[in-house]
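Asker: Sending over a structure as structure tokens; questions will come in a sec.
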Ligand SMILES: Nc1ncnc2c1ncn2[C@@H]1O[C@H](COP(=O)(O)OP(=O)(O)OP(=O)(O)O)[C@@H](O)[C@H]1O
Ligand SMILES: [Mg+2]
């Protein structure tokens, strides 16, 4: 793709010479002697460089440059000037021109300054954006943040209308981050992403209303994990630079996704090992705890008989503490040995109501507004109600505990017929979580609560995983927490592709 240069000079002879020289240097040249016409030309398309005469009517070179910059802020501009107007040329540079050229031209000066302007422009904008993405990488391990920075950078450097990162999840393309204006057609972007992934290389396809869509696959060692897609404004062809930049940003997005996958793998490996250890320890504790409970009960009864009320009360406390320990131990045992699922048709709305009642009995919730929004079209799901109850109960309890008897808890069920999935949403207006908590929320025994065991989320995720579903959390300090659970209506067998993306 040739780079586009705009030349504006009211001197026809100079205009002709410049047009010839720049065309010979391999540029696609648009030349005009009318400054106003130059502004119109800019509106229709983007340029890589503008060479403007300083002395022109009715707009001089500096005024014209400012109008052009209003449309394309980073356009490098070279101002041409005759000797004697050097000071104004210096002023032009101060007001945003890249450099100036003195007339009559010295051949090598023209060539050198144009080359410098083009490479400096690239360098400046690439460096700035790469730095921004790099800083996000360094300061945040959270994939969503990095992908946000990547799409933002892609839009700014390529001057595209929009950029979207799609991630390949369970055989589907899921938009993970987007920047710029909302697309006129998501499916066109998604199709381009799918084709780029299939081809394994960047590709260009026509978009709506003479826009151009460019998609670059995100490739890691194991294969494609998604695609970065940009859509240019109408009638703007992406340049070689744009394609190179897109490849660069797509590799950053790919690394962010790969890191997250690796981390998840490491975590689940470590979790499995920890789970086995915890199960063994729990097993060892079970019998002594049962003995302890028996002795404490004996003691309690004896003291009651002897009417030693105070000591009997102490014994009761021992019993109830032992009961609590026994409950924790049996939860750990259950966690370490995932159960066989006993699936039966179940109404998730009814199950949620049941959990809500249970959770409210356990946690003060007088001051909490509860909002239910259940999709009446939602069919029953093939799930293990007993297991799923554990997951829902833990998530609702977390929501109520986060609210601290103040705020709103929203529980929703939504059916998606095309995907044959049910989405359960549990949102609270509590304090939310910082990156640190969010990164560790599924870790076994991770808790920030004085009386927490840190098992709730780990249990919830393992139950949802067993059902072939997906549990995601969105949370940030001060903005509450959104938990989403996607469950296949007919169990994982209905969606065989769910396995392969893991
Ligand atoms: N809705 C939420 N809002 C804010 N923080 C939350 C929320 N859900 C979970 N967390 C954070 O995640 C941590 C882990 O949650 P998890 O349910 O695994 O354990 P826990 O609630 O601390 O203890 P328990 O085992 O009793 O559930 C919590 O301590 C809390 O810091
Ligand atoms: Mg909890």
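Asker: Among the residues that make up the range 401-408, is at least one of them in contact with a helix residue (DSSP H, G or I) (Cβ under 8 Å, 6 or more places away or on another chain) and under 27 Å from residue 145 (Cα atoms)?
Answerer: No: zero hits.
Results for (1) modelled with pLDDT under 90; (2) surrounded by 20 or more Cβ atoms within 10 Å (Cβ to Cβ); (3) more than 17 Å from the chain's Cα centre (by Cα), shown as yes or no for each residue.
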residue	(1), (2), (3)
134	yes, no, no
151	no, yes, no
167	no, yes, no
207	yes, yes, yes
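Asker: Still on this structure, I have one more. Which one of 325, 314 is over 26 Å from residue 281 (Cβ atoms), more than 33 Å from the chain's Cα centre (by Cα) and surrounded by 12 or more Cβ atoms within 10 Å (Cβ to Cβ)?
Answerer: 314
Asker: List the residue pairs whose Cβ atoms are under 8 Å apart, where the first residue sits in the range 421-448 and is closer than 23 Å to residue 351 by Cα and in contact (Cβ under 8 Å) with a residue 40 or more places away in the chain, the second is assigned to a loop (DSSP other than H, G, I, E, B) and within 8 Å of ligand 1 (Cβ to nearest atom), and the two are 6 or more positions apart or on different chains.
Answerer: If the second residue must be assigned to a loop (DSSP other than H, G, I, E, B) and within 8 Å of ligand 1 (Cβ to nearest atom), the pairs left are 427/480; 428/480; 429/480.
Asker: Go through the range 35-59 and report how many residues are touching a residue at least 24 places away in the same chain (Cβ under 8 Å) and either assigned to a strand (DSSP E or B) or more than 43 Å from the chain's Cα centre (by Cα) (or both).
Answerer: Result for the range 35-59: 11.
Asker: If I filter the range 461-489 down to residues being within 26 Å of residue 333 (Cα to Cα) and in a loop (DSSP other than H, G, I, E, B), which single residue comes out as farthest from ligand 1 (Cβ to nearest atom)?
Answerer: Taking the candidates together, the pick is 468.
Asker: Of (1) touching a strand residue (DSSP E or B) at 6+ places or on another chain (Cβ under 9 Å); (2) away from ligand 2 (no atom under 16 Å from the Cβ), residue 409 satisfies all except one. Which?
Answerer: Against the list (1) touching a strand residue (DSSP E or B) at 6+ places or on another chain (Cβ under 9 Å); (2) away from ligand 2 (no atom under 16 Å from the Cβ), residue 409 comes up short only on (2).
Asker: For the list (1) under 29 Å from residue 262 (Cβ atoms); (2) more than 19 Å from the chain's Cα centre (by Cα); (3) buried (at least 21 other Cβ atoms within 10 Å of the Cβ); (4) without any contact (Cβ under 8 Å) to a residue 40 or more places away in the chain, I need the number of the one condition that residue 157 fails.
Answerer: (4) is the only condition that residue 157 fails.
Asker: Let me ask something else. Condition test on residue 299, is it touching a residue at least 12 places away in the same chain (Cβ under 8 Å), closer than 16 Å to residue 483 by Cα and surrounded by 15 or more Cβ atoms within 10 Å (Cβ to Cβ)?
Answerer: Against the criterion (touching a residue at least 12 places away in the same chain (Cβ under 8 Å), closer than 16 Å to residue 483 by Cα and surrounded by 15 or more Cβ atoms within 10 Å (Cβ to Cβ)), residue 299 does not qualify.
Asker: If residue 354 satisfies all but one of (1) surrounded by fewer than 17 Cβ atoms within 10 Å (Cβ to Cβ); (2) modelled with pLDDT under 90; (3) on the phi < 0 side of the Ramachandran plot, what's the number of the condition it fails?
Answerer: It is condition (2) that residue 354 fails.
Asker: Sort out for me the strands (runs of 3 or more DSSP E) sitting completely within the range 374-460 that have 2 or more residues that are at pLDDT 90 or above and either within 7 Å of ligand 1 (Cβ to nearest atom) or under 24 Å from the mean Cα position of the chain (by Cα) (or both).
Answerer: Strands (runs of 3 or more DSSP E) meeting the threshold: 407-416, 421-428.
Asker: Given 233, 238, 224, 217, which one is assigned to a loop (DSSP other than H, G, I, E, B) and touching a helix residue (DSSP H, G or I) at 6+ places or on another chain (Cβ under 7 Å)?
Answerer: Answer to the check: 238.
Asker: Could you tell me which numbered condition residue 390 fails, if it satisfies all but one of (1) within 23 Å of residue 283 (Cβ to Cβ); (2) surrounded by 17 or more Cβ atoms within 10 Å (Cβ to Cβ); (3) without any contact (Cβ under 8 Å) to a residue 60 or more places away in the chain?
Answerer: The failed condition is (3).
Asker: Could you check how many residues of the range 166-200 are assigned to a loop (DSSP other than H, G, I, E, B) and under 17 Å from residue 154 (Cβ atoms)?
Answerer: Matching residues across the range 166-200 total 3.
Asker: Continuing with this model, one more query. Looking at 67, 122, 127, which one is under 30 Å from residue 209 (Cβ atoms), assigned to a helix (DSSP H, G or I) and at pLDDT below 90?
Answerer: Every option except 122 fails the conditions.
Asker: Any residue in the range 249-262 that is exposed (fewer than 12 other Cβ atoms within 10 Å of the Cβ) and more than 21 Å from residue 136 (Cβ to Cβ)?
Answerer: Within the range 249-262, none of the residues are exposed (fewer than 12 other Cβ atoms within 10 Å of the Cβ) and more than 21 Å from residue 136 (Cβ to Cβ).
Asker: Moving to a separate point now. Scan the range 468-489 and report the pairs whose first residue is within 16 Å of ligand 2 (Cβ to nearest atom) and whose second residue is modelled with pLDDT under 95 and assigned to a loop (DSSP other than H, G, I, E, B), with Cβ atoms within less than 7 Å and a gap of 6+ or a chain change.
Answerer: So the pair list comes out as 473/441; 485/469.
Asker: Of the residues that make up the range 269-288, is at least one under 33 Å from the mean Cα position of the chain (by Cα), surrounded by 12 or more Cβ atoms within 10 Å (Cβ to Cβ) and under 30 Å from residue 177 (Cβ atoms)?
Answerer: Scanning the range 269-288, I find at least one residue that is under 33 Å from the mean Cα position of the chain (by Cα), surrounded by 12 or more Cβ atoms within 10 Å (Cβ to Cβ) and under 30 Å from residue 177 (Cβ atoms), so the answer is yes.
Asker: For the range 433-462, which positions are within 15 Å of ligand 2 (Cβ to nearest atom) and in contact with a strand residue (DSSP E or B) (Cβ under 9 Å, 6 or more places away or on another chain)?
Answerer: 433, 437, 438, 441, 442, 457, 460, 461
The values are calculated or read from the model by the stated rules, or taken from the named source; none is laboratory data. As the structure is a computational prediction, the values presented were derived from the model and not from experiment. Quick reminder, even Gly has a Cβ in these numbers, built from the backbone with ideal geometry, and neighbours come from all protein chains shown.
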